[in-house]
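Data first, discussion second: the structure below is written as structure tokens.
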Amino acid sequence: MPYPVPPSVRLMPTVSIVEQTMRQARRAVAIALLGTAAMTVAMLAERLWSARALEQAAQRYATSFKLAADVRLTEVELRRAAQMAYITGDKHWVERYEELLPGLTQTIEHASLLAPQEVTDRYRAKTYAIGREIDDMRAQALAALNAGSGASARAIFESERYLNRSRLLSDATEELTAATLRSTENEMRLLQSRSYGVAAGLLVLILGSGTIFWRRLTRSLQKSRGSLLDAEERIQRLASSDLLTGLANRAGLHDTMQTAMSRARRHQGALAVLMIDLDRFKPVNDRHGHMVGDLVLKEVARRLSRCLRQSDLRARYGGDEFVVVVEETEGPDTGRAAAERIVERLNEPMQIDALVVSIGASVGIARYPDDAEDDDELLRKADSALYRAKAGDRGKVCLYNAALDQRLAERTALELALREGIAAGQLVPFYQPIVDLKTQQVRSLELLCRWRHPTQGLLGPEKFIALAEESGLIGPLTMSLLRQACVDLQGLPPQWRLSINVAPHQIQDESLVPELLAILGAHDVPPQRLDVELTETALVNDTARARAVILALKAAGMTVTLDDFGTGYSSLSYLAEMTFDKIKIDRSFVRTLHERSQSAKIVGAVVGLSRSLGVETVAEGVETEADAKALTRLGCTLGQGYLYGHPVPAARLVEALRLRAAARAWEYWEPA
Ligand code: C2E
Ligand code: CA
Ligand code: CA
């Protein structure tokens, strides 16, 4: 059969979300770093380049400036050299002039190279003819100077034409150098502003891409945050819910109970806390396996949901325990009504695959704020009410009741003390003789239990036998007593037998007979020495089982006595049906023997019937000689009562019997 995994078990891949976020964050940081690095490199490169370009431009500017100055200086020098030459006629000045001239041409040439092309072109166009003319005139003037004719040279140099042409050329040159200066200046300005532009562009680029990148990063982080919150919520939900049923678990229950309680406190409302325990769940689980058990639990959760309001809190509290918290909107009966609905729904058979499973439920209810104002206390009280619900007829609903639950708590404490008492050997055997009414010889000792309670002193069986039976401690108790009795028997006459009380519950215990035999065997006590007293209740509950146990006991060699005959159903048919060895007539008949003739008749009839069945009769509660005489007259063979001895511990038994023997000339046995 496929075993369905509840949807809540399928966990979201929370780990990968974390990793994804980490990866995104890492990528974002990497991109940011790379981007910054790229921008920085671009910025640096641009700075370097523009610095170089600016430097070059500045150099050009300086050169142009120097060239302009050189041109002007050379022209002045030339003019002076020419004047000196034609004034002094000194050859030296002619040479100087000739020396300067190519420098000027070269400087102008250089300047024109630095100037923008169109300026150079314009300069060339403008000065081409003039330059030629001036060159010619200079050549003539130089020739004249060389020929020693200063006057004609002077005439040329100072001629209107030469001066005019020189001025034009000088103006053009001036214009050229000025244009060169302007152009380099412009170039520098251009470079500067371009550098600013590039820087601004890069800045805009950085800001723009940064913004886009930031937006994308925050968007993806937002997404991761959403997923993480989702996962966190899921984890929270899982931590507070039961994986199998999807209901709240203990932790979740406490959390939501707190909330519900504070809401109720604010609105002066009330809550009912229902503690639900499934009946017969364990056998289903044991017989059909845990898978079926799980499916049953899931079906229970479904049914709970169906008979409650959506707002009612439902939780799985333990294995087969559920808790429901109901708001008492329709008054104090809301909780009880819900509990009864739940019990009814859970009593209906369940179809689990091919199986039909029948369970049931008991519910304990505690109310907020009447019973308690604290979640733990409420749950504890609902649990104690549940205990009572389960102790009664199964499938019941019980409300918390302080007095009843107090008693229950005491009982629980007593049960614990009894359990520990048995283990600690506080439960000890007392013995009361059963004697032959005729010979007055001891035939058997009835083992009667006493509890040497550490604080309450010696307790009689009426204080704890019923509890031992209900709590399943009667088995261990009986066996502990038998063990002690076997030891005590070793100091007593071998013909004395031991009568042990076996409670009705113990009939159901498969291990009863083997355990009795094991203990007897361990102490070398033959089974023939043991007489087992059973009450009618044991027979009524399960006649077939009782018969089987009686047969087993007898087969093992023990004898069986029907105890307290006449108090219960007193069905004579049991006498015929079951092969008892003895019948104990209840002491209520013996007590009224002398007052009510009815009692004597009944005793007589029982004795008669027993005798006809070959069964011995024991009379209980023989307190007086008169009782003993009357019983003997009625045909009773054995007696037990204060006349012969109170129940005493083994150590006092011999002494008690010796006193009796001295008084009544009983045959007694003296231990070796
Ligand atoms: P029971 O089996 O009928 O035991 C006889 C009870 O009658 C004993 O009370 C005994 O003390 C009392 N008794 C004896 N002679 C007289 C008498 O002359 N007059 C009066 N009024 N009472 C007399 P006890 O010991 O208190 O035991 C009460 C019951 O507790 C027993 O009734 C028996 O049912 C139960 N019980 C005692 N010990 C055990 C035990 O070990 N196992 C089980 N399952 N039940 C036990
Ligand atoms: Ca008895
Ligand atoms: Ca009895």
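Values for this structure:
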read-out: Matching entry among Ala605, Ala656 (being under 30 Å from Gln484 (Cα atoms), open to solvent by 30 Å² or more (accessible area, probe 1.4 Å) and among the aliphatic types (A, V, I, L, M)); value: Ala656
read-out: Selected residue [within 16 Å of ligand 3 (Cβ to nearest atom), of a type outside the set (Gly, Ala, Ser) and either in contact with a Cys (Cβ under 6 Å, 6 or more places away or on another chain) or on the phi < 0 side of the Ramachandran plot (or both)] from Pro433, Pro476; value: Pro433
read-out: Unique residue being within 16 Å of ligand 2 (Cβ to nearest atom) and either part of a helix (DSSP H, G or I) or among the hydrophobic types (A, V, I, L, M, F, W, C) (or both) when the list is Leu498, Leu492, Leu551, Leu517; value: Leu498
read-out: Output for region 153-162, where each listed residue is crowded, with 16+ Cβ neighbours inside 10 Å and farther than 22 Å from Thr173 by Cα; value: Ala153, Arg154
read-out: Wholly enclosed strands (runs of 3 or more DSSP E) of region 401-471 bearing at least 1 residues surrounded by fewer than 16 Cβ atoms within 10 Å (Cβ to Cβ) and within 50 Å of the chain's Cα centre (by Cα); value: 442-453, 457-459
read-out: Any hit, region 57-65, residues being crowded, with 18+ Cβ neighbours inside 10 Å and in contact with an Asp or Glu (Cβ under 7 Å, 6 or more places away or on another chain); value: yes
read-out: Test result for Arg287, among the basic types (Lys, Arg) and either in a helix (DSSP H, G or I) or without any contact (Cβ under 8 Å) to a residue 40 or more places away in the chain (or both); value: yes
read-out: In region 616-649, the residues that are within 16 Å of ligand 2 (Cβ to nearest atom), open to solvent by 10 Å² or more (accessible area, probe 1.4 Å) and touching an Asp or Glu at 6+ places or on another chain (Cβ under 7 Å); value: Glu616, Glu620, Tyr642
read-out: Qualifying residue in region 529-536 (condition: away from ligand 3 (no atom under 16 Å from the Cβ), over 19 Å from His505 (Cα atoms) and in a strand (DSSP E or B)); value: yes
read-out: Qualifying position, being aliphatic (A, V, I, L, M), open to solvent by less than 20 Å² (accessible area, probe 1.4 Å) and touching a His at 6+ places or on another chain (Cβ under 8 Å), among Val357, Val300; value: Val357
read-out: Residue count for region 482-517, restricted to those that are closer than 22 Å to Leu657 by Cβ, away from ligand 3 (no atom under 16 Å from the Cβ) and not β-branched (Val, Ile, Thr); value: 14
read-out: Scan of region 501-513 for residues that are more than 16 Å from ligand 2 (Cβ to nearest atom) and either open to solvent by less than 50 Å² (accessible area, probe 1.4 Å) or over 25 Å from Phe464 (Cα atoms) (or both), ordered by number; value: Ser511, Leu512, Val513
read-out: Set Thr579, Thr559, Thr537, Thr592: member being at pLDDT below 90 and either open to solvent by less than 40 Å² (accessible area, probe 1.4 Å) or within 16 Å of ligand 1 (Cβ to nearest atom) (or both); value: Thr537
read-out: Residue within region 457-472 that is charged (D, E, K, R) and within 16 Å of ligand 3 (Cβ to nearest atom) present; value: yes
read-out: Candidate set from region 116-140 (those that are touching a residue at least 40 places away in the same chain (Cβ under 8 Å) and not aliphatic (A, V, I, L, M)); member that is most open to solvent (accessible area, probe 1.4 Å); value: Lys126
read-out: Among residues of region 99-115, those that are touching a residue at least 40 places away in the same chain (Cβ under 8 Å) and either more than 12 Å from Ala179 (Cα to Cα) or open to solvent by less than 20 Å² (accessible area, probe 1.4 Å) (or both), counted; value: 6
read-out: In region 240-276, residue nearest to Ile359 (Cα to Cα) [restricted to those that are surrounded by fewer than 23 Cβ atoms within 10 Å (Cβ to Cβ) and of a type in the set (Ser, Thr, Tyr)]; value: Ser241
read-out: Filtered residue count, region 381-435, keeping only those that are in contact with a strand residue (DSSP E or B) (Cβ under 8 Å, 6 or more places away or on another chain) and not aliphatic (A, V, I, L, M); value: 19
read-out: Pair list, Cβ < 8 Å and 6+ apart or interchain, from region 545-564 residues that are touching a residue at least 24 places away in the same chain (Cβ under 8 Å) and on the phi > 0 side of the Ramachandran plot to residues that are open to solvent by 10 Å² or more (accessible area, probe 1.4 Å) and within 16 Å of ligand 3 (Cβ to nearest atom); value: Asp564/Thr535; Asp564/Asp586; Asp564/Glu620
read-out: Single match in Thr180, Thr211, Thr184 (criterion: in a helix (DSSP H, G or I) and out of contact with any Leu (no Cβ under 8 Å at 6 or more places or on another chain)); value: Thr211
read-out: Selected residue [within 26 Å of Asn501 (Cβ to Cβ) and at pLDDT below 95] from Glu330, Glu410; value: Glu410
read-out: Among (1) within 11 Å of ligand 1 (Cβ to nearest atom); (2) part of a helix (DSSP H, G or I); (3) closer than 17 Å to Leu427 by Cα - the single one His505 does not satisfy; value: (3)
read-out: Residue satisfying condition, being within 30 Å of Ala57 (Cβ to Cβ), in a helix (DSSP H, G or I), charged (D, E, K, R) and modelled with pLDDT of 85 or more, within set Arg132, Arg122, Arg80, Arg96; value: Arg122
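Let's see how each residue does on (1) touching a Gly at 6+ places or on another chain (Cβ under 6 Å); (2) modelled with pLDDT of 95 or more; (3) within 21 Å of Thr559 (Cβ to Cβ); (4) within 16 Å of ligand 2 (Cβ to nearest atom):
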position	(1), (2), (3), (4)
Leu414	no, no, no, no
Thr439	no, no, yes, no
Leu459	no, yes, no, no
Glu462	no, yes, no, yes
Ser471	no, no, no, no
Leu481	no, yes, yes, yes
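The values are calculated or read from the model by the stated rules, or taken from the named source; none is laboratory data. Since this is a predicted model, take the numbers as computed values, not measurements. A quick note on method: Cβ atoms are made from the backbone with ideal geometry, for glycine too, and the neighbour counts reach across all protein chains shown. Accessible surface areas use protein heavy atoms only, side chains included; no ligands, DNA or RNA. Shrake-Rupley method; radii C 1.70, N 1.55, O 1.52, S 1.80 Å.
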